[in-house]
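First the structure, in the form of structure tokens, and then the observations on it.
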Amino acid sequence: MRKIINIGILISSVIILSSCTAKNNSTKKVGDNKNETVISDTKEKKEATLSSSTELTSKTTDEEDESDIFVQSASDAFFDGTYLKGNSYSIKITDYKVIKAGEKGNESGEKGNESGEKPVLAFWYDTYVNPNYDNSAPISAYIAWSLNFNAVQDNNPNIVNQLKTNGKNPDKTLSETEMSEIKAGGKVSNAVSYELTDDKTPVTLIAGSLTGSQYGKKDFPIQ
């Protein structure tokens, strides 16, 4: 059922991170050096976060102030390996792990369903909606992740091996709210998993928009 997403919701949600703005568009303006200031500030944030999350294994220990998880405009969006920061909503990866076939969170489904027959890499994450977001398009944790993340396991010399989700939430405690609309200023936790095609090659998580802009990427070891 998670694979069948309402087309209307998808189309309206495409613009959320790439072009939507918050209610308050009167944030203080920087002078002629606005772009330079944003780039410098963003670079410092990236370096600070990467230095603390380079050795990310299972639990994320980042204690960054959650009041600073949004950027001023959609053009400033970036992914540093832990946070995907946008102006309307942001996503924080809180945990990840490999779940072997048949283990809790990766059990076999109905006959004909491949879920549970391959190991998966599962991610847990929080989706935050800007308190000033104007609700012009509904934001849910599932759609926010689906619109912005792709996972690649680079083990094929000829093609980009983009991994598929197995269609099941690896954390059943979160499945009831994964499609719920998040209120402005709200936060919803969720999880998603990708079927691995081998048990050695790291998985590269790539953040970007459906229009082709790339916000950043990070390799996650699976051994």
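The values are calculated or read from the model by the stated rules, or taken from the named source; none is laboratory data. None of these values were measured; they are calculated from a predicted model. Please note: Cβ atoms are built from the backbone with ideal geometry, for glycine as well, and neighbour counts cover all protein chains shown. Calculation scope for accessible area: heavy atoms of the full protein, side chains included, ligands and nucleic acids excluded. Shrake-Rupley method; radii C 1.70, N 1.55, O 1.52, S 1.80 Å.
Taking the range 163-209 as the range and being out of contact with any Pro (no Cβ under 8 Å at 6 or more places or on another chain), in a strand (DSSP E or B) and among the β-branched types (Val, Ile, Thr) as the test, the residues that pass are Thr165, Val188, Val203, Thr204, Ile206.
In the range 160-173, of all residues being more than 16 Å from the chain's Cα centre (by Cα) and among the polar types (S, T, N, Q), the one that is most open to solvent (accessible area, probe 1.4 Å) corresponds to Thr173. The listed residues are Thr165, Thr204, and the only one of them that is among the β-branched types (Val, Ile, Thr) and closer than 15 Å to Tyr142 by Cα turns out to be Thr165. With respect to the conditions (1) open to solvent by less than 70 Å² (accessible area, probe 1.4 Å); (2) of a type in the set (Asp, Glu); (3) in a loop (DSSP other than H, G, I, E, B), Asp126 falls short on a single one, namely (3). Just so you know, in the range 135-154 the residues that are assigned to a loop (DSSP other than H, G, I, E, B) and open to solvent by less than 60 Å² (accessible area, probe 1.4 Å) include one that is nearest to Val98 (Cα to Cα), and it is Ser140. Being open to solvent by 40 Å² or more (accessible area, probe 1.4 Å), in contact with a Leu (Cβ under 9 Å, 6 or more places away or on another chain), within 21 Å of Val120 (Cβ to Cβ) and at pLDDT 95 or above, is that true of even one residue in the range 174-190? Yes, the range 174-190 contains a residue that is open to solvent by 40 Å² or more (accessible area, probe 1.4 Å), in contact with a Leu (Cβ under 9 Å, 6 or more places away or on another chain), within 21 Å of Val120 (Cβ to Cβ) and at pLDDT 95 or above.
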